[in-house]
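Chemist: Pasting in a structure now, in structure tokens, and then I'll have a few things to ask.
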2 protein chains.
Amino acid sequence: MTRATIKDVSRVAGVSIKTVSRVLNKERYVSDDMRQKVEEAVARLNYHPSQAARTLAGKRSFQIGLIHDNPSPYYIFNMQAGVGQRCREADFRMIVQPCDINSPGLVDDIGALIDQAQLDGIIMTPPVTDVGTALAELFRRKIPVVRVQPGTDLTATSAVYIDNVQAADDMTAYLISLGHRRIGFVTGHGNYFASGQRLTGYRQALQRAGIGFDAALVFPGQFDFQSGTAAAEALLALDQPPTAIFASSDDMAAGVLAAAHRLGVAVPDQLSVAGFDDTDLAQVVWPSLTTIHQPIRDLGYAAADLLLEFGETIERRQLPHKLVVRGSTAAPKS
Amino acid sequence: MTRATIKDVSRVAGVSIKTVSRVLNKERYVSDDMRQKVEEAVARLNYHPSQAARTLAGKRSFQIGLIHDNPSPYYIFNMQAGVGQRCREADFRMIVQPCDINSPGLVDDIGALIDQAQLDGIIMTPPVTDVGTALAELFRRKIPVVRVQPGTDLTATSAVYIDNVQAADDMTAYLISLGHRRIGFVTGHGNYFASGQRLTGYRQALQRAGIGFDAALVFPGQFDFQSGTAAAEALLALDQPPTAIFASSDDMAAGVLAAAHRLGVAVPDQLSVAGFDDTDLAQVVWPSLTTIHQPIRDLGYAAADLLLEFGETIERRQLPHKLVVRGSTAAPKS
DNA sequence: TTCGAATATGACAACGTTATCTCATCGAGC
DNA sequence: GCTCGATGAGATAACGTTGTCATATTCGAA
């Protein structure tokens, strides 16, 4: 017993091959009578169309690519979950392609992927979003692209994103509202545009509250645990150490926590710590992290949605973030 | 300018289409002369074969599926990285398919995936590995299968795994060697065969050391953070609380840590805590976790390797685990 | 020298769909 | 009653590869 083909279906249903194809592709001009006969035959034979044949014969492949160069399991997992969910709803398949933005073969690899799989569209996550040569290649091929949280050429492609400036502003304002005046800030990796945006939000909230910006309180991080540890060690060693540290990722916030524990600094009594992302990590460290919830899964879903609904038409969608207060922040003890 | 086809390549190289195909597929009986001409043409035209056409015309699709129902981002990320790596080396593509082992449509979904994509093979991770109906469907289709850490029908398919019994034994023996006599154990989720194996290893080490097994020290967990917290609360409330707790996942160990912090129990001075898996988490909590390193990425790589190298031939491969000592364990203070 | 096997290449059908074109039917408007 | 557009259905040609078979050449052994 070999796989059922469209021919088998047409024979069982007693209609032409093309009519079966019409039903499968939900085309117009099919009578209810025919549609029903075909659907019955499809169910009876447990028929599933060959993706390869569809791709070869048609103009679409029902496949989209997700291109990323992101070392965070949590980010990738949720992004895939969101994109995958939307793909399943549309009977599309998601092809995941990790890459290395520093590799000279990056552009060729992306081109090869598109050629081989005949992708109908591409979703990119930072920092791949901002690699000019890769973007140019995609434009050359005129393939629909949706970028997640792009930093450059904002209007060049469809995009989904959150308001990083506002989010960092929210968190900083929250810390200020608790009574903190000296708030340390750990920036993210320079490759990510969001890093700068979060710093901007931090400064914006300080300024609004009439608190002067102190460059000594800003530590350059890389989004990872080590950076957080290093930042905490540096910031807590200052003559006038901060009473709160806002790290622009949860990993870095965890690093701050670890350093504080090691130095015997009580959190949140002696030091408040805030993160950004609301990864699983935030609820698994102690004390659990006050952080900004970034709806990564929803971003993925929205990205796929834009791709499937609008194709080449450029569309933008901003998703809401949320301040999540947990155990790592409190009012400073005077 | 449209995509280059094999026809274009054959024209540029001045050979037949079939010869180009031979070179591309590394078939025998091609002269160096021909091979070189074809390779030059391929490079010049930046030609990439259409996967769809290859699948349709040939017997192989150059695609394998990775089927999982696992909520751990870390596990999935690394498994994908390993499988993906091996696929890239062989110019195969990996299709990732999350699923729900409790869904009645599970078998149909897997069947549909195989039909539509004409997969050349399937890799499954626990707990999907042990769903009898799904396995039966795969056998029916005679598709090569590799299972990661299967629990049932061990010899029915190729498999890669670690020795969970020995690993848990190692950890327990290590804790005993530190001087611990009352060692709590938190089991994993019942759906996973590894859960039982780890408990066996724990008991085995106790017995060898002449320490009686005390059922009160074993707490049933689910592999997640909450379980760990609940376990620690229950175990530490015993009349004779343990001096060490061995949780069979890092997430649960993190839960134990959090509960200990909350209860004011110092780790490792008053309580040693050990995990299992060595996920990123292990180095990000405080104190960092003593745990068993499970080479998830390597397991993925090996699984794909077995699939690509041996196909239907059943082959098994055991990978080494490793005890990693970090800050969460110490000798008990008498 | 001759023959068979191994090597090297090509012609052409086949894979399972969708696209395009053709044809038939049915109502509505003149 | 006739024409025209909308609707419904099918025949047939792609799509870009690989599989199969045919054919030519080369090499080694009898």
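The values are calculated or read from the model by the stated rules, or taken from the named source; none is laboratory data. Quick caveat, the model's predicted, so the values are computed rather than measured. Cβ atoms come from the backbone with ideal geometry, glycine included; neighbour counts cover every protein chain shown. The accessibility values were calculated without ligands, DNA or RNA, using every heavy atom of the protein model including side chains. Shrake-Rupley method; radii C 1.70, N 1.55, O 1.52, S 1.80 Å.
Chemist: Go through the stretch A:155-204 and count every residue that is in a helix (DSSP H, G or I) and acidic (Asp, Glu).
Modeler: Selection size over the stretch A:155-204: 2.
Chemist: What are the residue pairs meeting all of these: first residue in the stretch A:167-191, first residue among the acidic types (Asp, Glu), second residue surrounded by fewer than 18 Cβ atoms within 10 Å (Cβ to Cβ), Cβ atoms under 7 Å, and 6 or more apart or on different chains?
Modeler: Going by the 7 Å Cβ cut-off, the qualifying pairs are A:ASP169/A:GLN204; A:ASP170/A:LEU323.
Chemist: Considering only residues of the stretch A:1-58 that are closer than 30 Å to B:ILE143 by Cα, of a type in the set (Ser, Thr, Tyr) and touching a helix residue (DSSP H, G or I) at 6+ places or on another chain (Cβ under 8 Å), which is farthest from DNA strand D (Cβ to nearest atom)?
Modeler: Only one residue tops the list, namely A:TYR47.
Chemist: Return the only residue of A:PRO104, A:PRO73 being modelled with pLDDT under 95, at negative phi and within 7 Å of chain B (Cβ to nearest Cβ).
Modeler: Criteria check complete, one pass: A:PRO73.
Chemist: Out of the residues in the stretch B:224-235 that are within 12 Å of chain A (Cβ to nearest Cβ) and open to solvent by 30 Å² or more (accessible area, probe 1.4 Å), state the one that is farthest from B:SER72 (Cα to Cα).
Modeler: If we take residues in the stretch B:224-235 being within 12 Å of chain A (Cβ to nearest Cβ) and open to solvent by 30 Å² or more (accessible area, probe 1.4 Å), then B:GLN226 is farthest from B:SER72 (Cα to Cα).
Chemist: Quick check, is B:ARG297 within 14 Å of chain A (Cβ to nearest Cβ), open to solvent by 20 Å² or more (accessible area, probe 1.4 Å) and closer than 30 Å to B:ARG60 by Cβ?
Modeler: Yes.
Chemist: Which residue out of B:ASP214, B:ASP280, B:ASP269 is under 26 Å from the mean Cα position of the chain (by Cα), open to solvent by 40 Å² or more (accessible area, probe 1.4 Å), among the acidic types (Asp, Glu) and over 18 Å from B:ILE162 (Cα atoms)?
Modeler: Going through B:ASP214, B:ASP280, B:ASP269 in turn, just one is under 26 Å from the mean Cα position of the chain (by Cα), open to solvent by 40 Å² or more (accessible area, probe 1.4 Å), among the acidic types (Asp, Glu) and over 18 Å from B:ILE162 (Cα atoms): B:ASP280.
Chemist: Considering every residue within the stretch B:50-60, establish whether at least one is open to solvent by less than 30 Å² (accessible area, probe 1.4 Å), in contact with a Ser or Thr (Cβ under 6 Å, 6 or more places away or on another chain), in contact (Cβ under 8 Å) with a residue 12 or more places away in the chain and more than 8 Å from every other protein chain (Cβ to nearest Cβ).
Modeler: Looking for residues that are open to solvent by less than 30 Å² (accessible area, probe 1.4 Å), in contact with a Ser or Thr (Cβ under 6 Å, 6 or more places away or on another chain), in contact (Cβ under 8 Å) with a residue 12 or more places away in the chain and more than 8 Å from every other protein chain (Cβ to nearest Cβ), one finds none in the stretch B:50-60, hence no.
Chemist: Then there is this: Exactly one of these conditions fails for A:ILE123: (1) within 13 Å of chain B (Cβ to nearest Cβ); (2) open to solvent by less than 10 Å² (accessible area, probe 1.4 Å). Give me its number.
Modeler: All conditions pass for A:ILE123, except number (1).
Chemist: Moving to a separate point now. With small (Gly, Ala, Ser), open to solvent by 40 Å² or more (accessible area, probe 1.4 Å) and either at pLDDT 95 or above or in contact with a helix residue (DSSP H, G or I) (Cβ under 9 Å, 6 or more places away or on another chain) (or both) as the only criterion, which of A:ALA194, A:ALA209, A:ALA205 stands out?
Modeler: When all the criteria are applied, what remains is A:ALA209.
Chemist: Can you spot a residue in the stretch A:236-251 that is open to solvent by 30 Å² or more (accessible area, probe 1.4 Å), under 27 Å from B:VAL265 (Cβ atoms), within 13 Å of chain B (Cβ to nearest Cβ) and outside any loop (DSSP other than H, G, I, E, B)?
Modeler: Checking the stretch A:236-251: at least one residue is open to solvent by 30 Å² or more (accessible area, probe 1.4 Å), under 27 Å from B:VAL265 (Cβ atoms), within 13 Å of chain B (Cβ to nearest Cβ) and outside any loop (DSSP other than H, G, I, E, B).
Chemist: Further question: Filter the stretch B:11-49 for residues that are away from DNA strand C (no atom under 11 Å from the Cβ) and outside any helix (DSSP H, G or I); which is nearest to the other protein chains (Cβ to nearest Cβ)?
Modeler: Only one residue fits best here, namely B:HIS48.
Chemist: Okay, next question. Can you run down the residue pairs with Cβ atoms below 6 Å, 6 or more apart or on separate chains, where the first is in the stretch B:254-278 and more than 9 Å from chain A (Cβ to nearest Cβ) and on the phi > 0 side of the Ramachandran plot and the partner is part of a helix (DSSP H, G or I) and modelled with pLDDT of 95 or more?
Modeler: B:ASP277/B:ASP250
Chemist: State which residue is modelled with the lowest pLDDT when the search covers only the stretch A:300-325 and only residues that are open to solvent by 30 Å² or more (accessible area, probe 1.4 Å) and over 25 Å from A:VAL165 (Cα atoms).
Modeler: A:GLU312
Chemist: Restricted to the stretch A:68-94, and to residues that are in a loop (DSSP other than H, G, I, E, B) and more than 14 Å from the chain's Cα centre (by Cα), which residue is surrounded by the fewest Cβ atoms within 10 Å (Cβ to Cβ)?
Modeler: A:ASP91
Chemist: Quick check on the stretch B:107-120. Is at least one of its residues open to solvent by less than 50 Å² (accessible area, probe 1.4 Å) and on the phi > 0 side of the Ramachandran plot?
Modeler: yes
Chemist: Quick check on my filter: what residues within the stretch B:168-188 are surrounded by fewer than 21 Cβ atoms within 10 Å (Cβ to Cβ) and touching a Pro at 6+ places or on another chain (Cβ under 6 Å)?
Modeler: Matches in the stretch B:168-188: B:GLY179, B:ARG182.
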